[in-house]
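Presented below is the structure to which this report refers.
The values are calculated or read from the model by the stated rules, or taken from the named source; none is laboratory data. Here the structure is a predicted model, which is why all the values come from computation and not from measurement. Every residue, glycine as well, gets a Cβ built from its backbone with ideal geometry; the counts of neighbours run over all protein chains shown. Just the protein is used for accessible areas: all its heavy atoms, side chains included, with ligands, DNA and RNA removed. Shrake-Rupley method; radii C 1.70, N 1.55, O 1.52, S 1.80 Å.
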Amino acid sequence: MDDQRGSRSAPFYAVPSRRLVSVEHPAIIRNVDKAIETLQGNRGIKAILDPQPGKEGNPANLVLRPEDAMARSVQSTIVQSNNVLLKITVPKRTGRRRKIGSNEPFTDAPESEASKLPSRRTAKDLLRSLSDNPSKYQIEPVGRVERTHVFRGIPDFVYSTTASPFTNRFRDQILPFDFDKMKQFDIDMSKGATTNADIIPPPSFSHGDVPFHYMLDPLHPKTNSDHQATNLTRSYRQNPTVKQAIGRSGELETVNTQTASKILTHLVAYDIPEVPSQPRANMLPISALDAGMLRTIANLNALYEKQPAWTRRGLRNNLKSDEDRLNLRYAIPYVGYIFRSGPWRDAIIKLGVDPRTSPEYRYYQTFMFRLLAREAELARDGGGGRRHNVPRPSDQRVIEEEGFTGPSTGHIFTGKQPFAQDGRIWMVGDIEDPQLKAELFPPDAGPGFLRSECDVVTDGWFGNGTLAKAKAVMRHKIQALMEGREPDDQDYVRVLRLPAHARSEADFPLFTLDPEIATPKEITLATEIRAIIRSSPVWRNLTANAGLVRREIGEGRGKVKGKMALKGKGVEPEPEPEAEAEKIVEESEGEEEEIQRREMLAAQVADAVAARDADEADEDDEDESDDMDEDEDE
């Protein structure tokens, strides 16, 4: 170490290739064996060290009462890290002491102190040893720490079951997993009320594991009538977001300023007689809006001059500024309305435009698919639990070429990579896949290709066979793109030759393929197409199908069972709601309220974690120094 300290540069150490995992145990470790037992012993340690393929690691399960097999564990959070574990050897204290700054000889410790077992040295003592012995310690890198397990949750409530006969028998006869003991377990099946009923506690009491920040005031002295300080007390503060204001009745009211504001978008049923043409009457007048909101509304009106309907993702991708994206959810009620279900489900349509009146509006019908989300959940037309009109990484442009300044194209389905996974709704007009586009808009379409009357429940202006084929093929292509491969158009040529219309069960032989010629994938697709046609509420109510509707294996609500369906189970066509269940009972867009509620909850959780992690520790200097002569590994 002297040679190293004499150099003008810091010493270099080679880090071994050993990869380590760090666990930040919330308890003060005095017994390492018991600490390992709280992590479920060697079995739990092995699960932490050996993650499953494709996963970044298995969370650690901390059991604060390992002797109780029914105790609920606390799960860790895995944090990616890039740290190095160091083994530092510092001199070991001998117990002899002398005053700081003096040259007096060291004196031995009293016999009463010398007979005591040495306690584990604290981090404060070790740092003091390093500063007092700058040339007597050694450093050795042990390995690289790539993952750290931290425990940020609070443990669940504990209910004592020592007096419960059922729980004791369950613990003794079932939990050991011994077959002979299991055969002895019996449940009293006698009927009638009994005295001293054995109430079994639930498996968990609290569904939340993040402590709530109660906003405690700091300690302050409490004074008596003589203005003398008696003791220190701590009081609770009112939530700073709760204010008092005078309401419409003139009385003082308590208002929470963080309450999610209602978005008064028109949400209408598929069979509404007349579509809305004006914003809701109880909304703030446009003249009273701020300049930023007026600019957003003007930009939306310019987009609606290009086409009368958009998906929310399409609007967001065509807005140029972050301010417009932030204002989008509040500006939509002033320019458009939304169908709750039907062919134009969740499309944002310009006020006063009724797409059910003309086949020209078939371009704006929507396809919705259930995607196998990368995150916990996907919103209907945006990813994650955050508000999906706020800029986020998934909003980055699909085309990353240098100098590209056009709008993002993530809402357009091309059937090729890269595939934007930030939504699950596509408009028919936004499908640029050549094969699907030729199926939906054939250049040689005959007079019977489109419907003469709009099917307002499911199919719109297209034939049920056309939409079923397009949805089934698009679902398989999405699944392939999500798996990182591009689909082969040749796999879908034969199924796209099926008819465009099915008017009764008698037409279904035309929607089957010869198993001697077709591949198993094509047969599976044909089965899905028949299932999609049958899933329509209109189809089930047709008198021509009375007594003929049957459920084949793998058919029903767009799902396919069996081995052939395993590859496509990540993406499914979204089923249409039942026709008779449409009623307007909400004044605001439920989807938007749910997204904002999740965002507020996430913010509260983040504040609670930050408040709890704040560490206020004061360090006091030692008055005496220790004589060091032996080495100790820490």
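Mind listing whichever residues of region 191-218 are aliphatic (A, V, I, L, M) and either open to solvent by less than 100 Å² (accessible area, probe 1.4 Å) or modelled with pLDDT of 75 or more (or both)?
Ala197, Ile199, Ile200, Val210, Met215, Leu216
Give the residues of region 488-501 that are assigned to a loop (DSSP other than H, G, I, E, B) and open to solvent by less than 50 Å² (accessible area, probe 1.4 Å), sorted by residue number. Full working, then the answer.
Taking region 488-501 as the starting set, the residues that turn out to be assigned to a loop (DSSP other than H, G, I, E, B) are 488, 493-494, 498-501.
Once the filter is applied, which keeps residues that are assigned to a loop (DSSP other than H, G, I, E, B) and open to solvent by less than 50 Å² (accessible area, probe 1.4 Å), region 488-501 yields Val493, Leu498, Pro499, Ala500, His501.
Pick from region 413-428 the residues that are among the β-branched types (Val, Ile, Thr) and under 18 Å from Pro308 (Cβ atoms): which of them is modelled with the lowest pLDDT?
Pass one, region 413-428, residues among the β-branched types (Val, Ile, Thr): 414, 425, 428.
Narrowing further to those that are under 18 Å from Pro308 (Cβ atoms): 425, 428.
Numbers: Ile425: 87, Val428: 90.
Ranking the qualifying residues of region 413-428, first place goes to Ile425.
Against the definition (outside any loop (DSSP other than H, G, I, E, B) and charged (D, E, K, R)), how does Asp507 come out, yes or no?
In short, yes.
Name, by its number, the condition in (1) at positive phi; (2) at pLDDT 85 or above; (3) in contact with a strand residue (DSSP E or B) (Cβ under 7 Å, 6 or more places away or on another chain); (4) of a type in the set (Gly, Ala, Ser) that does not hold for Ser22.
Failed condition: (1).
Which number in (1) open to solvent by less than 20 Å² (accessible area, probe 1.4 Å); (2) modelled with pLDDT of 85 or more; (3) of a type outside the set (A, V, I, L, M) marks the one condition that Gly384 misses?
(2)
Restricting attention to region 305-315, does a residue exist that is more than 29 Å from Thr241 (Cβ to Cβ), without any contact (Cβ under 8 Å) to a residue 12 or more places away in the chain, open to solvent by 50 Å² or more (accessible area, probe 1.4 Å) and not aromatic (Phe, Trp, Tyr)?
Step one: list which residues in region 305-315 are more than 29 Å from Thr241 (Cβ to Cβ), which gives 305-311, 313-315.
Add one more test, that the residue is without any contact (Cβ under 8 Å) to a residue 12 or more places away in the chain, and what stays is 305-306.
Checking which are open to solvent by 50 Å² or more (accessible area, probe 1.4 Å) leaves us with 305-306.
Of the ones still in play, those that are also not aromatic (Phe, Trp, Tyr) are 305-306.
Yes, because at least one residue in region 305-315 is more than 29 Å from Thr241 (Cβ to Cβ), without any contact (Cβ under 8 Å) to a residue 12 or more places away in the chain, open to solvent by 50 Å² or more (accessible area, probe 1.4 Å) and not aromatic (Phe, Trp, Tyr).
Kindly check whether there is at least one residue in region 419-433 that is within 26 Å of the chain's Cα centre (by Cα) and among the polar types (S, T, N, Q).
yes
Look at region 9-24 and say how many of its residues are open to solvent by 90 Å² or more (accessible area, probe 1.4 Å) and among the aromatic types (Phe, Trp, Tyr).
1
Between Ile29, Ile36, Ile45, which is surrounded by 11 or more Cβ atoms within 10 Å (Cβ to Cβ), out of contact with any His (no Cβ under 9 Å at 6 or more places or on another chain) and assigned to a loop (DSSP other than H, G, I, E, B)? So that I can check it myself, show each step before the final result.
Values: Ile36 fails: assigned to a loop (DSSP other than H, G, I, E, B); Ile45 fails: assigned to a loop (DSSP other than H, G, I, E, B).
Answer to the check: Ile29.
Would you point out the residue of region 502-544, among those that are open to solvent by less than 30 Å² (accessible area, probe 1.4 Å) and among the aliphatic types (A, V, I, L, M), that is farthest from Phe367 (Cα to Cα)? Steps first, please.
Of region 502-544, the ones open to solvent by less than 30 Å² (accessible area, probe 1.4 Å) are 502, 504-505, 508, 511, 518, 522, 524-537, 539.
Still in the list and also among the aliphatic types (A, V, I, L, M): 502, 518, 525-526, 529, 531-533.
Details: Ala502: 20, Ala518: 27, Leu525: 17, Ala526: 19, Ile529: 15, Ala531: 16, Ile532: 13, Ile533: 14 Å.
Step by step, filter region 502-544, then rank; the result is Ala518.
Could you give me the residue pairs with C-beta distances under 6 Å whose first residue belongs to region 121-143 and is loosely packed, with under 14 Cβ neighbours inside 10 Å, whose second residue is part of a helix (DSSP H, G or I) wherever it lies, and which are 6+ apart or on separate chains?
Ser135/Asp2
Quick check on region 458-487: of everything there that is open to solvent by 10 Å² or more (accessible area, probe 1.4 Å) and more than 32 Å from the chain's Cα centre (by Cα), which residue is farthest from Arg356 (Cα to Cα)?
Asn464
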